[in-house]
Amino acid sequence: MAILGSINPLLTVGLDGDNAWRLADYVKRGGYTALRGILAEKVPPGVVVDKVKKSVLRGRGGAGFPTGLKWSFMPNYLPVEKYVVCNSDEGEPGTFKDRDILRFNPHAVIEGMVIAGYAVGASRGYNYIHGEIWEVYKRFEEALDEARAAGLIGKDIQGSGFDFELFAHHGYGAYICGEESALLNSIEGKKGQPRFKPPFPASFGLYGKPTTINNTETFASVPFVLNIGPEAYLEAGKPNNGGTKLFSVSGHVNRPGNYEVPLGTPFSTLLEMAGGVRGGRQLKACIPGGSSAPVLPAQVVMDCTMDYDSISKAGSMLGSGAVIVMDETTCMVKALERLSYFYYEESCGQCTPCREGTNWLYQIIHRIEHGLGRPDDLDLLRSVTTNIMGRTICALGDAASMPVQSFIKHFQDEFAYHIEHKKCLVPPEIQRAGSGFFKATF
Amino acid sequence: MLDIEIDGKQVQVPAGSTIMEAAQASGTYIPHFCYHKKLSIAANCRMCMVQVEKAPKPLPACATPVTNGMKVFTHSELAIKAQKGVMEFLLINHPLDCPICDQGGECQLQDLSVGYGGGSSRYGEAKRVVFQKHVGPLISMQEMSRCIHCTRCVRFGQEIAGVMELGMAGRNMHSEIQTFVGRTIDSELSGNMIDLCPVGALTSKPFRYSARSWELSRRKSVSPHDSFGTNLTVQVKNNRVMRVLPRENEEINECWISDKDRFSYEALNSSNRLLKPMVRVDGALREVEWNVALDYVAHGLRDIVKNHGGDSIAALASPRSTLEELFLLQKLVRGSGSDNIDFRPRRRDYSSDGKLAGIPWLGMRIADIRNLESVLVVGSFLRKDHPLFSQRLRQLAKVPGNKISLLSVAGDDPLINLHQHVSVAPGELPLSIAAVLKAFVQISGLTTSVDLSDVEVSEGCRAIAESFLGSGPKAIFLGNVSEQVSCAGQLHALAQELARLSDASFGFIGEASNSVGGYLAKAVPDRGKGHNAYEMFAQPRKAYILMGIEPEFDCIDPQMAVGALKKAELVVALSTFKSNEADMYADVLLPVAPFTETSGTYVSAEGRVQSVSGVCHPAGECRPGWKVLRVLGNLLDLPGFDYESSEQVKNELLPEGSVFLEGLSNDVALDIVPLSVSRQGLERIADVPIYFADALVRNAESLQKTRDASAPVARLNPATLKDLGLAANDPVRIIQGEGSVVLNAVADDTVPRSSVRVAAAHASTAALGEMFGTISVERA
């Protein structure tokens, strides 16, 4: 099943059934009407961009940058090849929404990309799908074949004279390739390492040409923005946070999975939809936007609504909408150790603070977790994170630092206890009780 | 121009500059590791973080373009904190092995850690260990744990050397600089990576653990190898050359030198040095005192002149000799009544002699190469003959719209983004230039008096002609092959005609450090009077004086040269090295000092006059060549041999303070004979492998272990192999004249048909004849 629950959904309507992903089903749901309308009426590209701007569709990949604004940066007037790139390199721990969009509604992505291509004057697009979801990549290729056969991509689309060719490209599983400039390098066949910005992709992107990069969900939302109109789309969410969003709820909930809800939905509602905290336990903390977003303690997150502004006000980020729920059985030191390991492992190794710093962070936390913490370790952690943050080429350094800072900030007592007593504040038997893995082996 | 402020100091910089460039212009130092002015910007070390007004975060100075009114603070609290933070990160995994590190004392990390590092480390975990890599005889990658991942070496390979031999594999802190699995670093510019490495990760294998940088005195010198006039810093300890580094000169070598320039110093300290004069006594060479040897030479020459006339003496010098040596040698020979003097041993065709309007040269300044838009190089093994000249062309080819073409005898990849690469058999070179000329005439509508009616124009030649139609600066460069082939004069005349019509500059890249200087020194026979370097062996003389030359390797036809020498009554070799061949033909060996042990002058291809002083005292009983010749002149009672210093010799030739030579001209008054192909049999293509080009590199131990120094094979086009009924990898007998050698046949489709590529200047092919003569191949 594509989706476990939703409130006023757009993207995930009617996705039940084995053939929901096929072109015929998508067309039956009203698919490709937005594209056909634009091409038939020869809507000026600027108008399309304005509509997307008006809808306040914000980037669904993590940064929440307004999509219409991003499109308007493209130098439409330049008579050079331009590119539209879709970032489906969904590698952030906790995020699994793009996979399901590509699996159950690939044509929405294709339609969104073609519209984007039309709006920014590009004639070529790439969808970079991460290598671990091979079946999804294959299915997307099939969907592309369908669209090509139906004359929805390729030369002279629907007799409009507009050419747009679209390709799928699969990565090999490096987290860093989700960073847009590393992704471009990867498509070009180079090592996936971020580029120094500026120049930004809108002026120097794929193969040095102007490029627009958006997240899968962003592209998939575009047809719906145009179908229901930008005003309606904006109203579907809340001011400055247009539309609905997919949230990947994982962790200690009864029904982990994807949920589509309007932006601005209270966190408590989302938690309820996911069946509440597993075993009726107390909520301890929640990472609201994927592993690189700062963690929020229960009392803070319960007062939040799920939108960019509210979460940011609470001191975290909506990010990619990966909601990681942790209950009272969680040892926060252990949780951070795992997160830090991820960032240490996935640092590309290009720039110094991230290459050396992520390793250092992991080693300190690993030491604390294993009873070898030192009294000044927390100060050291804070110092190392401030030395990483804002000093790196891309945002991975920040992404690795923010969890560390927020974990220490909100759960300092647990870390201090670990260092002092060489063991967890949460007793092992309680941790075991909360762990599905341990339960199975009991 | 933009006005910005750096640390309160007003600076004006051109638009598009980075903060780093602006800071350097204003004399402000910003610490950095990955930034290098000649390489692309990586911004990965993060050491150059500075504070910029209104920017919330510190910014990397190397990658941030300046904007008008920008205020930069390189020493503010924010900047210093960022720089110190980065330094701490760089040091946590860097081994604390400075006391045993070869880079110690000249290490950027060590230097900057004094200013930005802490007294003790907060890092208490285990340090990273990186395994050593084996990448060849020149660069040591033994201590890769020291690497700070600045990727200068990687970018150097990609951008300057033109080949990415090093890359950073893996990710996170375990990413490692390495070659592609199992490969070695073979670029002819590879040594520069050692200089670029800011830490002790890449070190010089020959130099390792032999001296500390502060023990070395740095002395200026100039490369005696190719014609580029590369500036060197020679580092000396205890009167011994320990290593050679580039001396930056933006107008010549920029900050690079080739591996040949860098590592050939090993020969200076080799056991093969000739340290005492030797005279043949009872059939064997014996060590004698200088006065004995010189008396022997003086008497010998006198007797031969008396008995056979002055014309029976000939002298051949290496084009790598100093201007002073060349001048004194010709003075000595002419004083003895002979005009048989030459310094162009690898030349075959002398038809332009006496028809030149001036001294042939590059035709332009080296620094002006960067302004060219279209270039045609004729007859050159670019990378191996002229590593740094090729590097200039490589950078030139990167500019969009620029067109560099190569018309040569081999398909060797020059690692330049070429517009056209045409390779033909040596005998067809004139026809190919004629084809370019014909296409040019056809397209441009200009007229030429050259009869081109029989010339066929190939696609490639037409495309080359098209690239010469524009109005931008253009140049035609004739490489070593163009001077060595038997149609050199015709090539010269044809290039002149093409240059005239297309308004291009043209000139010779020149084989050696004094290829221009030799003409100035008059070390060439006067037209019609003396014998040139070919004739003096073709019509054997009674006595020969060889200076800095090993005819078995350095002559166009070693077979003939050695044959003539063996028959001569007296052969005097002024040499730096012992050699087995010289044992066979030389009667006197006089040990002369190499470039580091003598003062002297080199005139490079662009006509630049560069005088050097010796950087250390002559080894053993070695003496500077000019002194030896001066004393010989005295012993022969020749007038005008009273020089007290090499400057006096130079001053006789050049006005004091000359920077560039006067009287340079490539104009030649030579008729172009009707063009046709007349070929019988197979033609030999002989490259001079880069590490066999002169006696110095031939005696440099580490260079001799490189891939470029591997033993020659016989390269044939697969079609030619088939025609001859041979298979690849078969041993084949190569025959030229009376000599033959057995080599392995290698199929190589870049070799033109009906040609065999067999390298010259190697012991295994010294028995062969002319470098571009006819050759036959049969099953061994």
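From the set of residues in the stretch B:45-57 that are modelled with pLDDT of 95 or more and assigned to a loop (DSSP other than H, G, I, E, B), which is nearest to the chain's Cα centre (by Cα)?
First pass over the stretch B:45-57, keeping only residues modelled with pLDDT of 95 or more: B:45-52.
After this cut, where a residue has to be assigned to a loop (DSSP other than H, G, I, E, B) as well, the list is B:45-48.
Values: B:45: 33, B:46: 36, B:47: 36, B:48: 35 Å.
Only one residue fits best here, namely B:45.
Would you check which residues across the stretch B:230-251 are of a type outside the set (D, E, K, R) and assigned to a loop (DSSP other than H, G, I, E, B) and list them? Let's see the steps before the verdict.
Here is the first cut: in the stretch B:230-251, the ones of a type outside the set (D, E, K, R) are B:230-236, B:238-239, B:241-242, B:244-246, B:249.
If the condition is that a residue be of a type outside the set (D, E, K, R) and assigned to a loop (DSSP other than H, G, I, E, B), then B:230, B:238, B:239 are the ones that fit.
Confirm whether residue B:203 is crowded, with 20+ Cβ neighbours inside 10 Å and out of contact with any helix residue (DSSP H, G or I) (no Cβ under 8 Å at 6 or more places or on another chain). If you could, list the steps in order and put the result at the bottom.
On the way: crowded, with 20+ Cβ neighbours inside 10 Å: yes; out of contact with any helix residue (DSSP H, G or I) (no Cβ under 8 Å at 6 or more places or on another chain): no.
Considered against the rule, which asks whether it is crowded, with 20+ Cβ neighbours inside 10 Å and out of contact with any helix residue (DSSP H, G or I) (no Cβ under 8 Å at 6 or more places or on another chain), residue B:203 comes out as no.
What are the residues in the stretch B:623-670 that are part of a strand (DSSP E or B) and not hydrophobic (A, V, I, L, M, F, W, C), if any? Outline the logic, then answer.
Filtering the stretch B:623-670 for residues part of a strand (DSSP E or B) gives B:623, B:660, B:664, B:668.
Of everything in the stretch B:623-670, just one residue is part of a strand (DSSP E or B) and not hydrophobic (A, V, I, L, M, F, W, C), namely B:623.
Look at the stretch B:253-290 and say how many of its residues are among the small types (Gly, Ala, Ser) and in a loop (DSSP other than H, G, I, E, B). Walk me through how you get there before you give the answer.
The first filter runs over the stretch B:253-290 and keeps only residues among the small types (Gly, Ala, Ser), leaving B:258, B:264, B:267, B:270-271, B:283-284.
Narrowing the set further to residues that are in a loop (DSSP other than H, G, I, E, B) leaves B:258, B:270-271, B:283.
The total comes to 4.
So, restricting to strands (runs of 3 or more DSSP E) that lie completely within the stretch B:129-190, which ones have at least 3 residues that are without any contact (Cβ under 8 Å) to a residue 60 or more places away in the chain and more than 11 Å from chain A (Cβ to nearest Cβ)? Spell out how you get there, then give the answer.
Working: elements: B:139-141, B:166-169, B:176-179.
Ranges flagged: none.
What number goes with the only condition from (1) surrounded by fewer than 22 Cβ atoms within 10 Å (Cβ to Cβ); (2) within 25 Å of residue A:340 (Cβ to Cβ) that residue A:302 does not pass?
Among (1) surrounded by fewer than 22 Cβ atoms within 10 Å (Cβ to Cβ); (2) within 25 Å of residue A:340 (Cβ to Cβ), residue A:302 violates only (2).
What number of residues in the stretch B:446-456 are under 24 Å from residue B:717 (Cβ atoms) and either surrounded by fewer than 20 Cβ atoms within 10 Å (Cβ to Cβ) or modelled with pLDDT of 95 or more (or both)? Working first, answer last.
Narrowing the stretch B:446-456 to residues under 24 Å from residue B:717 (Cβ atoms): B:455-456.
Next, only the ones that are either surrounded by fewer than 20 Cβ atoms within 10 Å (Cβ to Cβ) or modelled with pLDDT of 95 or more (or both) stay: B:456.
The total comes to 1.
If you scan the stretch B:511-523, which residues turn out to be surrounded by fewer than 24 Cβ atoms within 10 Å (Cβ to Cβ) and in a loop (DSSP other than H, G, I, E, B)?
The answer is B:522, and nothing else.
Of the residues B:337, B:300, which is part of a loop (DSSP other than H, G, I, E, B) and small (Gly, Ala, Ser)? It would help to see each step written out before you state the result.
On the way: B:300 fails: part of a loop (DSSP other than H, G, I, E, B).
Exactly one of B:337, B:300 is part of a loop (DSSP other than H, G, I, E, B) and small (Gly, Ala, Ser), namely B:337.
Out of (1) of a type in the set (S, T, N, Q); (2) at pLDDT 95 or above; (3) in a loop (DSSP other than H, G, I, E, B), what's the single condition that is false for residue A:203?
So residue A:203 meets the others, but not (2).
So, in the stretch B:668-688, exactly how many residues are surrounded by fewer than 15 Cβ atoms within 10 Å (Cβ to Cβ) and more than 30 Å from residue B:735 (Cβ to Cβ)?
Residues in the stretch B:668-688 being surrounded by fewer than 15 Cβ atoms within 10 Å (Cβ to Cβ) and more than 30 Å from residue B:735 (Cβ to Cβ): 3 in total.
Take the conditions more than 14 Å from chain A (Cβ to nearest Cβ), closer than 30 Å to residue B:516 by Cβ and of a type in the set (A, V, I, L, M, F, W, C) and apply them to residue B:234. Does it pass? Outline the logic, then answer.
Numbers: more than 14 Å from chain A (Cβ to nearest Cβ): yes; closer than 30 Å to residue B:516 by Cβ: yes; of a type in the set (A, V, I, L, M, F, W, C): yes.
So residue B:234 fits the description; yes.
Kindly evaluate residue B:443 against the criterion of being crowded, with 24+ Cβ neighbours inside 10 Å and modelled with pLDDT of 95 or more. Reasoning before the result, please.
Working: crowded, with 24+ Cβ neighbours inside 10 Å: no; modelled with pLDDT of 95 or more: yes.
No.
Take the conditions on the phi > 0 side of the Ramachandran plot, buried (at least 23 other Cβ atoms within 10 Å of the Cβ) and touching a residue at least 24 places away in the same chain (Cβ under 8 Å) and apply them to residue B:700. Does it pass? Write out each step before concluding.
Values: on the phi > 0 side of the Ramachandran plot: no; buried (at least 23 other Cβ atoms within 10 Å of the Cβ): yes; touching a residue at least 24 places away in the same chain (Cβ under 8 Å): yes.
For residue B:700, the condition - on the phi > 0 side of the Ramachandran plot, buried (at least 23 other Cβ atoms within 10 Å of the Cβ) and touching a residue at least 24 places away in the same chain (Cβ under 8 Å) - is not met.
Find the residue count for the stretch A:357-371, including only residues that are in contact with a Ser or Thr (Cβ under 7 Å, 6 or more places away or on another chain) and either among the basic types (Lys, Arg) or more than 8 Å from chain B (Cβ to nearest Cβ) (or both). Walk me through it before giving the result.
Of all residues in the stretch A:357-371, those in contact with a Ser or Thr (Cβ under 7 Å, 6 or more places away or on another chain) come to A:358, A:361-362, A:365.
Applying the additional criterion that residues be either among the basic types (Lys, Arg) or more than 8 Å from chain B (Cβ to nearest Cβ) (or both) yields A:361-362, A:365.
Number satisfying all stated conditions: 3.
Quick check: anything in the stretch B:577-590 modelled with pLDDT of 95 or more, under 25 Å from the mean Cα position of the chain (by Cα) and part of a loop (DSSP other than H, G, I, E, B)?
no
Which one of the conditions (1) surrounded by fewer than 16 Cβ atoms within 10 Å (Cβ to Cβ); (2) touching a residue at least 12 places away in the same chain (Cβ under 8 Å) does residue A:144 fail to meet, given that it meets all the rest?
(1)
Here are A:414, A:429, A:345, A:420: which of them is within 14 Å of chain B (Cβ to nearest Cβ) and either part of a helix (DSSP H, G or I) or surrounded by fewer than 19 Cβ atoms within 10 Å (Cβ to Cβ) (or both)? I'd like the intermediate steps shown before the answer.
Working: A:414 fails: within 14 Å of chain B (Cβ to nearest Cβ); A:429 fails: within 14 Å of chain B (Cβ to nearest Cβ); A:420 fails: within 14 Å of chain B (Cβ to nearest Cβ).
One residue alone meets the criteria, A:345.
In the stretch A:17-35, which residues are on the phi < 0 side of the Ramachandran plot and not in a helix (DSSP H, G or I)? Write out each step before concluding.
Of the stretch A:17-35, the ones on the phi < 0 side of the Ramachandran plot are A:18-29, A:31, A:33-35.
Result: A:18, A:19, A:20, A:21, A:22, A:29, A:31.
List the number of the failed condition for residue B:695; all other conditions in (1) under 21 Å from the mean Cα position of the chain (by Cα); (2) over 24 Å from residue B:537 (Cα atoms); (3) not hydroxyl-bearing (Ser, Thr, Tyr) hold.
Every condition holds for residue B:695 apart from (2).
Restricting to the stretch A:153-174, what's the tally of residues that are farther than 17 Å from residue A:127 by Cβ, surrounded by 13 or more Cβ atoms within 10 Å (Cβ to Cβ) and of a type in the set (Asp, Glu)?
Counting residues in the stretch A:153-174 that are farther than 17 Å from residue A:127 by Cβ, surrounded by 13 or more Cβ atoms within 10 Å (Cβ to Cβ) and of a type in the set (Asp, Glu) gives 1.
Listed residues A:340, A:310, A:268; which is polar (S, T, N, Q), touching a residue at least 12 places away in the same chain (Cβ under 8 Å) and crowded, with 21+ Cβ neighbours inside 10 Å?
Values: A:310 fails: crowded, with 21+ Cβ neighbours inside 10 Å; A:268 fails: crowded, with 21+ Cβ neighbours inside 10 Å.
Answer to the check: A:340.
Pairs only if they're at least six apart or on different chains, beta carbon under 8 angstrom, first in the stretch B:80-93 and at the interface with another protein chain (Cβ under 8 Å from one of its Cβ atoms) and within 16 Å of residue A:397 (Cβ to Cβ), second of a type in the set (Asp, Glu) and in a helix (DSSP H, G or I); list them, first residue then second.
Matching pairs, first to second residue: B:89/A:356; B:90/A:356; B:92/A:356.
Residue B:433 fails exactly one of the following numbered conditions: (1) over 21 Å from the mean Cα position of the chain (by Cα); (2) farther than 30 Å from residue B:525 by Cβ; (3) crowded, with 23+ Cβ neighbours inside 10 Å. What is the number of that condition?
Residue B:433 satisfies all of (1) over 21 Å from the mean Cα position of the chain (by Cα); (2) farther than 30 Å from residue B:525 by Cβ; (3) crowded, with 23+ Cβ neighbours inside 10 Å except (2).
Closer than 24 Å to residue B:428 by Cα, of a type in the set (A, V, I, L, M) and touching a Pro at 6+ places or on another chain (Cβ under 6 Å): which single residue out of B:759, B:745 fits that description? Give the steps one after another, and end with the answer.
Numbers: B:745 fails: touching a Pro at 6+ places or on another chain (Cβ under 6 Å).
Matching residue, one of B:759, B:745: B:759.
May I ask you to verify whether residue A:356 is on the phi < 0 side of the Ramachandran plot, of a type in the set (Asp, Glu) and surrounded by 21 or more Cβ atoms within 10 Å (Cβ to Cβ)?
Numbers: on the phi < 0 side of the Ramachandran plot: yes; of a type in the set (Asp, Glu): yes; surrounded by 21 or more Cβ atoms within 10 Å (Cβ to Cβ): yes.
The answer is yes for residue A:356.
Does residue B:65 fit the bill of being within 14 Å of another protein chain (Cβ to nearest Cβ) and out of contact with any Pro (no Cβ under 9 Å at 6 or more places or on another chain)? I'd like the intermediate steps shown before the answer.
Working: within 14 Å of another protein chain (Cβ to nearest Cβ): yes; out of contact with any Pro (no Cβ under 9 Å at 6 or more places or on another chain): no.
So residue B:65 does not fit the description; no.
Of the conditions (1) in a loop (DSSP other than H, G, I, E, B); (2) more than 14 Å from chain B (Cβ to nearest Cβ), residue A:374 satisfies every one except a single condition; which number is it?
(2)
Would you mind telling me which numbered condition in (1) surrounded by 15 or more Cβ atoms within 10 Å (Cβ to Cβ); (2) polar (S, T, N, Q); (3) free of Cβ contacts under 8 Å to residues at least 60 places away in the same chain residue B:238 fails?
Unmet condition: (1).
The values are calculated or read from the model by the stated rules, or taken from the named source; none is laboratory data. Because the structure is a prediction, the values reported are computed rather than measured. All Cβ positions, even for glycine, are placed from backbone atoms using ideal geometry, and neighbour counts span all protein chains on display.
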